[in-house]
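> If you scroll down you'll find the structure; I have some questions about it.
The values are calculated or read from the model by the stated rules, or taken from the named source; none is laboratory data. A quick note: this is a predicted structure, and the numbers were derived from the prediction, not measured. For neighbour counting, all protein chains shown are included, and Cβ atoms are generated from backbone atoms with ideal geometry for every residue, glycine included.
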């Protein structure tokens, strides 16, 4: 974004000449590439590249904690849902289901 040849992880984006428009573009790129929510406020509050990296890591950890773990019987649960969906579809279409034939 800044076009500088040598940037350290300890450098400050704005001290290197970064503008608010470049910051907004960088935040958008970070959201897209990292898959986490990073605000412009987070970016301004970060003193260095390393600080924003820590904020991204923290956001990823939060995202991972909020996800529901897959259970051991997930395949069975999905198969049961698929059977119920097929039965509902058949009932709506006036057809028979596998359970009707059992």
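> Look at region 1-15 and say how many of its residues are surrounded by 10 or more Cβ atoms within 10 Å (Cβ to Cβ) and over 19 Å from residue 44 (Cα atoms).
Final tally of qualifying residues: 1.
> Moving to a separate point now. Does residue 74 meet the test of being within 25 Å of the chain's Cα centre (by Cα) and either surrounded by 13 or more Cβ atoms within 10 Å (Cβ to Cβ) or modelled with pLDDT of 90 or more (or both)?
Against the criterion (within 25 Å of the chain's Cα centre (by Cα) and either surrounded by 13 or more Cβ atoms within 10 Å (Cβ to Cβ) or modelled with pLDDT of 90 or more (or both)), residue 74 does not qualify.
> Further, regarding this structure: Can you tell me how many residues in region 17-59 are surrounded by fewer than 15 Cβ atoms within 10 Å (Cβ to Cβ), over 17 Å from the mean Cα position of the chain (by Cα) and assigned to a loop (DSSP other than H, G, I, E, B)?
3
> Also, I was wondering about something else. With the structure loaded, tell me whether residue 92 is part of a helix (DSSP H, G or I), at pLDDT below 85 and more than 27 Å from residue 11 (Cα to Cα) or whether it fails that test.
No: the conditions fail for residue 92.
> Could you list, ordered by first residue, the pairs with Cβ atoms under 6 Å in which the first is in region 2-23 and closer than 10 Å to residue 49 by Cβ and the second is surrounded by 10 or more Cβ atoms within 10 Å (Cβ to Cβ) and at pLDDT 85 or above, at least 6 apart or interchain?
Qualifying pairs under 6 Å: 9/49; 9/50; 10/48; 12/48.
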